[in-house]
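The values are calculated or read from the model by the stated rules, or taken from the named source; none is laboratory data. What you see is a predicted model, and the numbers here were worked out from it, not measured in a lab. Cβ coordinates were reconstructed from backbone atoms using ideal geometry, including for glycine residues, and neighbour counts include every protein chain displayed. The protein model used for the area step is the full one, side chains on, heavy atoms only, and it has no ligands, DNA or RNA in it. Shrake-Rupley method; radii C 1.70, N 1.55, O 1.52, S 1.80 Å.
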Amino acid sequence: MNRVIADIDWKQLYTFSSNQAILGLCFYGIKKLGNEYSEELKRNPIERELLITWMGATQQIRRQNMKMNVVANKLYLKSATIIQYTIKGRFMS
């Protein structure tokens, strides 16, 4: 693992993870790397600006996911109500 961390191009990883819609997942992994491989990260650190950009994008994703969870929950509750009425022989929207 030491060699892998030493050879990582952080900007390229950010671009790849952004294109693949896995920014949050990669950021979580980087946080775990910091705990386990702090010396290796000191030798190949992420530039401060890139780290701040990554953190901001991750927070934005988290907020969007929270909003989506609220909407999905409302849709689920509405669909569950429709199914209940349909099963009883009454259809109401």
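Couple of notes before you dig in:
- Any chance ASN35 is under 18 Å from LYS11 (Cβ atoms) and either of a type outside the set (A, V, I, L, M) or open to solvent by 100 Å² or more (accessible area, probe 1.4 Å) (or both): no
- Residue count for the stretch 30-60, restricted to those that are touching a helix residue (DSSP H, G or I) at 6+ places or on another chain (Cβ under 6 Å), closer than 17 Å to ASP7 by Cβ and of a type in the set (Val, Ile, Thr): 1.
- Scan of the stretch 38-60 for residues that are among the β-branched types (Val, Ile, Thr) and open to solvent by 60 Å² or more (accessible area, probe 1.4 Å), ordered by number: ILE52, THR53
- Some residue of the stretch 16-25 being closer than 21 Å to ASN2 by Cβ and open to solvent by 30 Å² or more (accessible area, probe 1.4 Å): no
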